[in-house]
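Just passing along the structure, written as structure tokens.
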Amino acid sequence: VKLAINWFIFGIKSFMDYRAFQHLSYGLYLVATALNNRKAGYIANTVFQVTSKPPRVAVSCHKENESLKVILESKVFSVNVLAKETPAGLIGNFGYMSGSEIDKFAGIETISGITGAPVVSSSCLAWLDCRVEETLDLGTHMLIIGQVADSAVLAEGEPLTYRYYRKKFRMVSPVHAPTYIENEKLHPQNVSEKQPAADIPGTSQEDDNEPYICAICGHIYRPEEGDPSVGIPPGTPFNKLPEEYRCPICNAGKDYFKPM
Ligand SMILES: Cc1cc2nc3c(=O)[nH]c(=O)nc-3n(C[C@H](O)[C@H](O)[C@H](O)COP(=O)(O)O)c2cc1C
């Protein structure tokens, strides 16, 4: 009986509430690197200072990120602090696309730092230019510790926080982010009550009033909200969106959306 009770208590204790992790605070950064003029970069929330003398920062990088190969080979990277007003498209390109598929740096202003890593001025408030000192294999990710060789502030302003980003775009963590939670979007607290078609102005029962989820970045299109950022009024069913409609977060085409 005692054993059964212990197992019961263990069972309750081990049922983790992943929402607790979402109460950890993070900023959002563009981590950039380069080798032989080939630039690479990705969006990271897991960047933090670990010592002050000498100044060191740690970043966590998924092993499938194209940028990791370049960081490990070049042994340099920069941490670029994103401003609150950073356009969603920049985060879409650097945070959901692979550098092996698109030129992420087209239209992005950079200069070469003293380590040779590119430091970014587009949408950034400050940068740290780092040399890799240590790496730690964490299975899915590598923890990279870099010593800061140079740094600068580019503009005064409010840095983008992960919390603000998640709230503004109703985002879940992407698969490669260390904060990823499997099926997070499908957790009951993240799925809003479906509104009956008849309640949505300008729609009929034949219209498709399901919310649709973008298979690339997890953004949800909700008919009752539309997409005012590109002039799609609230109450527009997914099947009435123009064919050229694209995900406001990662720019994926309509074909990438699936009913939830
Ligand atoms: C908000 C946000 C936070 C992210 N945080 C991290 C992170 O801390 N570490 C990581 O490895 N990937 C993170 N990612 C995922 C990478 O940015 C993503 O996998 C990127 O496409 C990798 O690009 P690459 O393959 O060109 O290197 C994050 C993405 C987003 C949108």
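Each row is one residue, and each column tells you yes or no for (1) in a loop (DSSP other than H, G, I, E, B); (2) under 21 Å from residue 162 (Cβ atoms); (3) open to solvent by less than 10 Å² (accessible area, probe 1.4 Å); (4) within 12 Å of the ligand (Cβ to nearest atom).
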site	(1), (2), (3), (4)
59	no, yes, yes, yes
67	no, yes, yes, yes
93	no, yes, no, yes
104	yes, yes, no, yes
119	no, no, yes, no
128	no, yes, no, no
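Return the residues of segment 80-91 that are away from the ligand (no atom under 11 Å from the Cβ) and hydrophobic (A, V, I, L, M, F, W, C); say none if nothing qualifies.
Residues satisfying the conditions are 81, 83.
Within segment 161-180, how many residues are at pLDDT 70 or above, in a loop (DSSP other than H, G, I, E, B) and open to solvent by less than 40 Å² (accessible area, probe 1.4 Å)?
2
Inside segment 10-57, can you point out the residues that are assigned to a strand (DSSP E or B) and small (Gly, Ala, Ser)?
Within segment 10-57, 27, 32, 34, 40, 41, 44, 52 meet the criteria.
Ok, one more. Please go through segment 36-53 and pick out each residue that is under 20 Å from residue 116 (Cβ atoms), open to solvent by 40 Å² or more (accessible area, probe 1.4 Å) and in contact (Cβ under 8 Å) with a residue 60 or more places away in the chain.
Listed by number, the list holds a single entry, 39.
Only one residue in 110, 115, 135 is of a type in the set (S, T, N, Q), out of contact with any Ser or Thr (no Cβ under 6 Å at 6 or more places or on another chain), away from the ligand (no atom under 16 Å from the Cβ) and open to solvent by 20 Å² or more (accessible area, probe 1.4 Å), so which one is that?
Numbers: 110 fails: away from the ligand (no atom under 16 Å from the Cβ); 135 fails: away from the ligand (no atom under 16 Å from the Cβ).
When all the criteria are applied, what remains is 115.
Report the residue count in segment 69-91 for those that are out of contact with any strand residue (DSSP E or B) (no Cβ under 9 Å at 6 or more places or on another chain) and open to solvent by less than 50 Å² (accessible area, probe 1.4 Å).
The qualifying residues number 2.
Only one of 3, 68, 72 is modelled with pLDDT under 90 and aliphatic (A, V, I, L, M); which?
Result of the check over 3, 68, 72: 3.
Further question: Give me the pairs, please: first residue somewhere in segment 234-257 and in a loop (DSSP other than H, G, I, E, B), second residue anywhere and basic (Lys, Arg) and surrounded by 17 or more Cβ atoms within 10 Å (Cβ to Cβ), beta-carbon distance under 9 Å, and either six or more positions apart or on two chains.
Pairs that qualify, where the first residue is in a loop (DSSP other than H, G, I, E, B) and the partner is basic (Lys, Arg) and surrounded by 17 or more Cβ atoms within 10 Å (Cβ to Cβ), are 234/222; 241/254; 242/254; 243/254; 244/254; 245/254; 247/254; 252/246.
The values are calculated or read from the model by the stated rules, or taken from the named source; none is laboratory data. These numbers were taken from a predicted model, which means no experiment stands behind them. Counting neighbours? That spans all protein chains shown, and the Cβs are built from the backbone with ideal geometry, glycine included. For the accessible areas, the whole protein counts, side chains as well, though only heavy atoms, and no ligand, DNA or RNA atoms are used. Shrake-Rupley method; radii C 1.70, N 1.55, O 1.52, S 1.80 Å.
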